[in-house]
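Visitor: Structure provided below as structure tokens; questions to follow.
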Amino acid sequence: MKVKHSCRFCFLKKKVVAGLILLLIGYTAKAQEVIDLYSGAIPNAKVMPGANKGNLEAGGLVRRVVKPSLEVYLPAKENASGAAVIICPGGSYKVIVFQGEGIATAKEFAKNGVAAFVLKYRLPNDSILIDKKIGPLQDAQQAIKLVRENAVKWGIDADKVGIVGFSAGGHLASTAATHFAKPLIPNPKNTNLRPDFQVVVYPVISMQDGLTHGDSRSNLLGKNPTKEAIDLFSNELQVTANTPPAYITHAADDKLVDVDNSIAYFQKLRHLGVAVEMHVYPKGGHGFIFGQKD
């Protein structure tokens, strides 16, 4: 399904699609840099005994993030398009599938001329966050701010900074794309926090009963969230005419995150005149990027 889109969006879409579908095993790019997301105090963090035990990760999965970071993958200069993506791997807001959905994706974007930044965001956890609902979004906003403010350093066009998310990371990406008007981080330079485009892959979009992914909702909002919280983080309800252009892909037979999440988001974007393209595959299930030869 297609609707109108700009020439710039066509260009970005081609680069995005290339990065998503060309996950070639043989590509061996390594991160050029790993940087802390915050240089000073981390907003919304609890400072108390036991709250700062450090990140917990193994086997390509991250299970706790106290110190959020960005892992940087830059394209060769002769191949650089100027575009950049911030990648939010999924994991039900319980873990981060950092290797499979983050690093592997970043390598392909870099191979195809797009600078890629894998976000290690704070997972919602009452033991380390004052308000766990906003912790991941704060880190996504800070990542956009950091990439834009260092655009010259990394050879990036500050007007071509997008966000990519898988599964619950798709919820985070779409949250960043619909909640940018309210900064949840210190932003003294008034840096633009709106992504220039968004890519969501088998995403959780809604927190509404009957549509949401239950574990993602309970991990982010708690076991008994208020209607206000449910509506606020149901991103299909937060779309405006200024929401950035979107590329959406999902499998119709996804048993974990219902494809109606993507359909609801597509419809709202389309009705408000936002450039959007969606591809729904009849089969593939959830996490269909894994195990694909090409």
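The values are calculated or read from the model by the stated rules, or taken from the named source; none is laboratory data. Since this is a predicted model, take the numbers as computed values, not measurements. Counting neighbours? That spans all protein chains shown, and the Cβs are built from the backbone with ideal geometry, glycine included.
Visitor: Please go through segment 169-188 and pick out each residue that is among the aliphatic types (A, V, I, L, M), part of a loop (DSSP other than H, G, I, E, B) and within 15 Å of Ser206 (Cβ to Cβ).
Guide: None; the set is empty.
Visitor: Find all pairs meeting these conditions: Cβ atoms under 6 angstrom apart; at least six residues apart or on different chains; first residue within segment 135-158 and closer than 16 Å to Asn190 by Cβ and modelled with pLDDT of 95 or more; second residue of a type in the set (Gly, Ala, Ser) and in a helix (DSSP H, G or I).
Guide: Ala158/Ala151
Visitor: Another question about this same structure. Which one of these does Met207 not meet: (1) assigned to a helix (DSSP H, G or I); (2) free of Cβ contacts under 8 Å to residues at least 60 places away in the same chain; (3) in contact with a Leu (Cβ under 9 Å, 6 or more places away or on another chain)?
Guide: Unmet for Met207, out of (1) assigned to a helix (DSSP H, G or I); (2) free of Cβ contacts under 8 Å to residues at least 60 places away in the same chain; (3) in contact with a Leu (Cβ under 9 Å, 6 or more places away or on another chain): (1).
Visitor: A further question follows. Considering segment 104-130 alone, what residues qualify as being at pLDDT below 95 and among the aliphatic types (A, V, I, L, M)?
Guide: Ala104, Ile128
Visitor: From the list Ile96, Ile163, exactly one residue is within 20 Å of Ala58 (Cα to Cα), at pLDDT 95 or above, in contact with a Cys (Cβ under 9 Å, 6 or more places away or on another chain) and among the β-branched types (Val, Ile, Thr). Which is it?
Guide: Answer to the check: Ile96.
Visitor: Quick check on this structure: which one of Leu193, Leu119 is part of a strand (DSSP E or B), surrounded by 21 or more Cβ atoms within 10 Å (Cβ to Cβ) and touching a residue at least 40 places away in the same chain (Cβ under 8 Å)?
Guide: Leu119
Visitor: Here is a follow-up. Under 8 Å by Cβ, and 6 or more places apart or on different chains, what pairs join a residue from segment 256-268 that is within 15 Å of Thr175 (Cα to Cα) with one that is modelled with pLDDT of 95 or more and surrounded by fewer than 20 Cβ atoms within 10 Å (Cβ to Cβ)?
Guide: Asn261/Leu211; Ser262/Val280; Ala264/Leu211; Lys268/Leu237
Visitor: I'd like to know if segment 122-130 contains one or more residues that are farther than 17 Å from Pro244 by Cα, of a type in the set (Ser, Thr, Tyr) and in contact (Cβ under 8 Å) with a residue 60 or more places away in the chain.
Guide: So far as segment 122-130 goes, yes, one or more of its residues are farther than 17 Å from Pro244 by Cα, of a type in the set (Ser, Thr, Tyr) and in contact (Cβ under 8 Å) with a residue 60 or more places away in the chain.
Visitor: Checking the conditions here, which among Lys145, Lys132 is of a type in the set (D, E, K, R), within 16 Å of Pro68 (Cα to Cα) and assigned to a loop (DSSP other than H, G, I, E, B)?
Guide: Only one candidate qualifies: Lys132.
Visitor: In addition: Inspect segment 156-173 for any residue being more than 21 Å from Tyr38 (Cα to Cα) and more than 17 Å from the chain's Cα centre (by Cα) and give the result as yes or no.
Guide: So far as segment 156-173 goes, yes, one or more of its residues are more than 21 Å from Tyr38 (Cα to Cα) and more than 17 Å from the chain's Cα centre (by Cα).
Visitor: I've got another one for you. So which of Val280, Val274 is assigned to a strand (DSSP E or B) and either at positive phi or over 17 Å from the mean Cα position of the chain (by Cα) (or both)?
Guide: Val280
Visitor: Any chance you could count how many residues in segment 181-211 are in contact with a strand residue (DSSP E or B) (Cβ under 7 Å, 6 or more places away or on another chain) and of a type in the set (D, E, K, R)?
Guide: Residues flagged as in contact with a strand residue (DSSP E or B) (Cβ under 7 Å, 6 or more places away or on another chain) and of a type in the set (D, E, K, R) within segment 181-211 amount to 1.
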